[in-house]
1. Does A:ILE159 meet the test of being more than 21 Å from A:SER69 (Cα to Cα) and either assigned to a helix (DSSP H, G or I) or touching a Ser or Thr at 6+ places or on another chain (Cβ under 9 Å) (or both)?
2. Residues that are of a type in the set (Lys, Arg) and either open to solvent by 20 Å² or more (accessible area, probe 1.4 Å) or more than 14 Å from chain B (Cβ to nearest Cβ) (or both): list the helices (runs of 4 or more DSSP H) wholly contained in the range A:188-264 that include at least 1 such residues.
3. If I ask for residues that are in a strand (DSSP E or B) and crowded, with 17+ Cβ neighbours inside 10 Å, which ones from the range B:83-108 would you list?
4. So which pairs qualify, if the first residue must be in the range A:159-179 and more than 8 Å from chain B (Cβ to nearest Cβ), the second must be surrounded by fewer than 16 Cβ atoms within 10 Å (Cβ to Cβ) and outside any helix (DSSP H, G or I), the Cβ gap must be under 7 Å, and the two must be at least 6 apart or on different chains?
5. Given (1) more than 22 Å from A:GLN257 (Cα to Cα); (2) in a helix (DSSP H, G or I); (3) touching a helix residue (DSSP H, G or I) at 6+ places or on another chain (Cβ under 8 Å), where does A:GLY80 come up short, assuming only one miss?
6. If you take the residues in the range B:104-126 that are more than 19 Å from B:GLY142 (Cβ to Cβ) and free of Cβ contacts under 8 Å to residues at least 40 places away in the same chain, which one is farthest from the other protein chains (Cβ to nearest Cβ)?
7. Among all residue pairs at least 6 apart or on different chains, which show Cβ distances below 6 Å where the first residue, located in the range A:1-12, is within 12 Å of chain B (Cβ to nearest Cβ) and the second is of a type in the set (Gly, Ala, Ser)?
8. Restricting attention to the range B:54-78, and to residues there that are open to solvent by 30 Å² or more (accessible area, probe 1.4 Å) and within 11 Å of another protein chain (Cβ to nearest Cβ), which single residue is modelled with the lowest pLDDT?
Amino acid sequence: MKTYIQNFKKYRFLLTELVKKDVKLKYRRSKLGIFWTLLEPILTTIVLTIVFGGFRGKSDPTFPVYILSGRLLFSFFSGGTKAAARSIRTNSSMMRKVYVPKYMYPLATILSNFVIFLISLIVLVGASIIMPININWHVFLAVVPLTVMFFITLGTGMILATAEVFFRDLEYLWGVITTLIMYCSGIFYKIEDMGQAKRTTSMLQTIMDWNPVYAVIKNFRCCVYLGVAMDYRALFYSCIVAVVLTVIGIYVFFKKQDEFILNL
Amino acid sequence: MEKQDIALAVDHVGMKFNLSKEKVDNLKEYFIKFIKKELTYQEFWALKDVTFDVKRGEHLGIVGLNGAGKSTLLKVIAGVLKPTEGSVKTKGKIVPLLELGAGFDKQYTGAENIYLYGSLLGYSKEFITSKFDEIVEFSELGEFIEVPVKNYSSGMRARLGFSIATLVKPDILILDEVLSVGDAQFRKKSEAKIQSMFDQGVTVLFVSHSLEQVKRICDKAIMLEHGTVIAHGDVMDVANIYNEKLQQKKQKKKRMRRKLNQELNEQAKRSREKQKNN
């Protein structure tokens, strides 16, 4: 354990360099640079608001913020896990020549996605100011769901990174699964709107209750959108999932990491 | 006293690879093969029971025919591969001068890559900053240091990689063949730098096919064949054994060729006789 910590300290600079590289390079080649991070969610939110706001039929001036808060958080989850899954393979040439603790690659990938996500939260701040949102001190509690989401993404990312070394087509499968998770995460609809009596609604409700990503999004919205206390059942559940996923992720990764090079 | 002088101890190292006839690297094929029960692996030991010590300041040459396990051994020593059996103990900093600039990012400029590559080699930020000018000067890149590496020539890339990798005096230096970096002038400079490291008493591991180079640089040598050490000792003795092996291989080839020729001749003769009889 002690040697692990020492090793981490030695390579801490590498971690910051890798994160910096990802963030820098992501936007270097585009003229709009980092503004893409801001522009992209604005545009998609406009589209989603027009489409799904029309479906709802009710006029709700705060609905864009509702969509934005869910979408930003979800895109961190899906982007982070997908990038982490690929991280071992994209860095395989490096891995074959220099010894570096291997967890650096998925960790750096997820951290850089997290940084980009935090930057994109500026959009949410802007939208909350423009639109009539009830903002109070609960906003500061948003740190909690963000942290939980980080660890859910980290754990899932580590598991996927390990699995993808051995099964390359997992990438496509995971793409399908994330889409499925997206539809069950209440990003552009409110489950309350869906007509209580229908059987499909109650089924969706059950799925969403067990969806840890939705649990985090729900609590995030409590903090930044509704300005009320968090749902403690959802908080408790998502925390447990985050811890379990992270532990499994680290365990699987460390158990299999010596075989990576043989399979790349 | 004896023990302190050992810079590198390779202890009963074995490295096993699983060779499957067709590489299964996706779920779809895995399931199909799993159901058909075609998931068979062939074990292959690239290294088996390799044991040797290198004393501090010693120059060890590693020779062997193609596929003898030299590169695998170097990778195990550098820590890139973890051995299936046994252990490798090293003292001090290892710098492998293999495939220079492999850790570069093409989109990054030379200056940014100095930090990235330096951090890959485990240097601290302060250290790289303090040595930055020295690196740029040694690599002779000048203004090009602000240009993305994708626009570099392969010589420029190797020069930069060499300059970063040789920044610190390593305790153990791993060389694969003799470096031919950049133009004649830079090659001279890089050889001088390596020579100065030699003079400072660095431990060297050197892999080469050229016996001349090994004899020139090393004082001790080991010879690998099919993953096992078959000779270990003074460089001249090992070189002689290696030479013998090479000769044997050549003779074997010659003999095979002769045999084949004979058979062909006989066949030709027989068919000629048949034609005559007809």
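The values are calculated or read from the model by the stated rules, or taken from the named source; none is laboratory data. Quick caveat: nothing in here was measured; it's all calculated off a predicted structure. Cβ: placed from backbone, ideal geometry, glycine included. Neighbour counts: every protein chain shown. Please note that ligands, DNA and RNA were not included when accessible areas were found on the heavy atoms of the full protein model with its side chains. Shrake-Rupley method; radii C 1.70, N 1.55, O 1.52, S 1.80 Å.
1. yes
2. A:199-210, A:212-221, A:232-256
3. Selection gives B:GLY86, B:VAL88, B:THR90, B:ILE94, B:VAL95, B:PRO96, B:LEU97.
4. Close Cβ pairs (under 7 Å, with a partner that is surrounded by fewer than 16 Cβ atoms within 10 Å (Cβ to Cβ) and outside any helix (DSSP H, G or I)) amount to A:VAL165/A:LEU264.
5. Here A:GLY80 meets the rest and fails (1).
6. B:GLU126
7. A:LYS10/B:GLY122
8. B:SER71
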